[in-house]
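All remarks here apply to the structure that follows.
The values are calculated or read from the model by the stated rules, or taken from the named source; none is laboratory data. Keep in mind it's a predicted model, so treat the numbers as computed, not measured. Cβ placement follows ideal geometry from the backbone for every residue including glycine, while neighbour counts extend to all protein chains displayed. Surface accessibility is based on the protein's heavy atoms, side chains included, excluding ligands, DNA and RNA. Shrake-Rupley method; radii C 1.70, N 1.55, O 1.52, S 1.80 Å.
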Amino acid sequence: MDWKRWSGLVMLGVAAVAAVALVACGDDDDDDGDGAGTASPTVAASPTQGQVAKLQIIDPRARDTTNDVSAAYFTVKNTGDATDRLLSVTADVSTKVEVHEMVMEGGTAKMQAVKAPLEIPAGGELVLKPGGYHIMLMNLASPLKEGQQVKLTLTFEKSGKIEVTAPVKKIEAMN
Amino acid sequence: MRTIRPGLVFLLLALAGFAAAACGGDDGDEGGGASSIDDYLGAQVTPFFEKPDLVLTDTEGRPFDIRKDTEGFLTILYVGYTHCPDICPTTMYDISEVLKTLTEKQRSQIKVVFATADPDRDTPEVIRKWLDHFDTTFIGLSGDSRQISDLLKQLLMGTPQRTDLGEGNYAVSHAAYAIAYTKDNTGRLVYPFGITQDDWKHDLPMLVNETWK
């Protein structure tokens with residue numbers, strides 16, 4: 001199955017839809033309240049001289065859930081001039097946390113741990129969002145409820161550990 | 001195995017962009033379906049899906065005959081699992097949100113059916129609790145592994161593959177699209193992963209009245 005091409009095209013299509021809708025309509029139907037831009041970014045600078053990764057963690061959030069698994073999402077922005085990598089994540093609510101990706105094989109969705117640490121290129125960003133990369137939170141002691149807060153500790157290759165607080169939000173839309 | 005043609009999905013999603021650009025919000029059309037299947041933003045499947053001929057168990061523990069008990073309704077069928085942290089809840093949430101935007105009359109003609117690909121963990125109780133998070137009217141179906149295999153075979157979805165995540169956790173592969181069966185019991189459109197609430201909002205009011213004449 002040519003799933004890479006399939007999912008690539010879907011994503012491209014989605015991007016096209018999003019772009020056109022955004023430009024033309026200013027549609028205000030979205031009530032997913034993901035609050036992008038309202039979260040205060042956490043900044044960490046790499047201690048090494050010369051090539052430095054400067055990371056900002058934007059809009060960390062976790063999904064509310066009814067069982068013992070959930071997902072957390074955020075965007076990592078790198079305003080430095082060196083690539084950084086997300087090596088691992090821990091959470092105070094979960095004993096088992098993994099960085100996962102959703103891959104398409106034909107029309108089948110498969111969730112799996114990422115094969116290599118995710119990169120945040122110099123001047124670029126890494127986006128974790130529904131239907132793409134996500135932080136898989138397993139073995140939750142109790143289901144996450146809206147309004148609760150999850151402490152995430154992100155460990156980066158260059159920038160070291162960055163702690164963020166992710167509010168638990170109502171499950172958000174694909175948009 | 002039938003697959004969705006990628007080019008088509010792209011084309012349809014691009015069309016979604018143009019529709020959104022035109023701001024054509026004629027959701028209130030109660031007169032009939034679309035003038036052409038191309039007016040829909042869902043991805044077309046040829047040949048179309050038949051409704052599964054199978055009796056599973058609903059969340060009250062009662063037998064649910066998929067064909068008989070959805071007859072006469074626009075039926076949205078999605079196969080997933082409740083321990084799916086990402087695209088299953090996103091899909092169910094998107095559908096539940098869009099249903100809230102429909103008229104009562106439109107809403108009353110739609111049944112949303114979730115069937116599990118993970119019968120070992122998804123008991124009727126587990127499914128009910130999960131679905132209630134989105135919409136208490138959503139129908140949740142489970143069965144023994146033989147029945148679920150039968151369902152997936154009829155839907156040409158293939159056997160779910162388990163990915164071991166350690167400590168008793170596992171992920172389950174499943175179809176990344178919802179099938180929309182119109183009232184004539186044909187599933188000519190699927191809504192693949194990536195479809196947005198606006199796309200659903202565009203299609204559902206037409207699908208409710210669709211006769212494919």
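Observations
- Burial ranking of peptide ranges A:51-57, B:112-118, A:90-96 (average Cβ count within 10 Å, highest at the top): B:112-118, A:51-57, A:90-96
- Shielding score for B:155-162, defined as the mean number of other chain Cβ atoms within 10 Å: 2
- Each Lys or Arg adds one and each Asp or Glu takes one away; over the other residues whose Cβ falls under 14 Å from the Cβ of B:Asp150, this sums to 0.
- When the other protein chains are added to the chain by itself, burial of at least 30 square angstrom of heavy-atom accessible area (probe 1.4 Å, ligands and nucleic acids ignored) affects these residues of the range A:79-117: A:Lys96, A:Met102, A:Gly107, A:Thr108, A:Ala109, A:Lys110, A:Met111.
- On Cα atoms only, tilt of B:6-22 relative to the major axis of chain B in degrees: 50
- Integer Hz, Karplus 6.51/-1.76/1.60 couplings in order for the range B:76-81, x for Gly and Pro: 9, 10, 10, 10, x, 7
- Residues in the range A:91-108 carry Karplus couplings, in order, of 9, 6, 9, 9, 8, 9, 10, 9, 8, 10, 9, 9, 10, 9, 10, x, x, 9 Hz; the curve used is 6.51 cos²θ - 1.76 cosθ + 1.60 with θ = phi - 60°, and Gly or Pro positions show x.
- Taking amide H as placed 1.01 Å from N in the peptide plane, the amide H of B:Gln161 sits under 5 Å from that of B:Ser173, each at least 5 places away or on another chain.
- With all protein chains modelled, accessible area of B:Asp164 [1.4 Å, Å²]: 130
- Other protein chain Cβ atoms within 10 Å, averaged over every residue that makes up B:166-174: 5
- Measuring heavy-atom accessible area with a 1.4 angstrom probe and counting protein chains only, the residues of the range B:72-87 that give up at least 30 Å² relative to the chain alone are B:His83, B:Pro85, B:Asp86, B:Ile87.
- Measuring nothing but protein heavy atoms, the accessible surface of the range A:38-169 at 1.4 Å probe radius is 50 percent carbon and sulfur.
- Computed over protein heavy atoms with a 1.4 Å probe, the accessible surface of the range A:38-169 works out to 41 Å² per residue.
- Residues whose amide H comes within less than 5 Å of that of A:Ala122, counting only those at least five positions distant or on another chain, are A:Thr83, A:Asp84 (H built at 1.01 Å from N in the peptide plane).
- Electrostatic tally near B:Ala180: other residues with Cβ closer than 13 Å to its Cβ, Lys and Arg +1, Asp and Glu -1, net 0.
- In the A-B interface, the accessible area buried, summed over both sides, Å² (probe 1.4 Å): 4200
- If you take all other residues with their beta carbon under 15 Å from the beta carbon of B:Gly166, and give Lys and Arg +1 and Asp and Glu -1, the sum is -2.
- Interchain or long-range residues, amide H under 5 Å from B:Ala178's placed H: B:Tyr191
- Cβ-derived FRET efficiency at R0 56 Å, A:Glu125 paired with B:Asp144, nearest 0.05: 0.75
- This model, with +1 at the C-beta of Lys and Arg and -1 at the C-beta of Asp and Glu, gives chain B a dipole about its Cα centre of some 420 debye.
- Mean per-residue shielding of peptide B:109-121 is 0, counting Cβ atoms of other chains within 10 Å of each Cβ.
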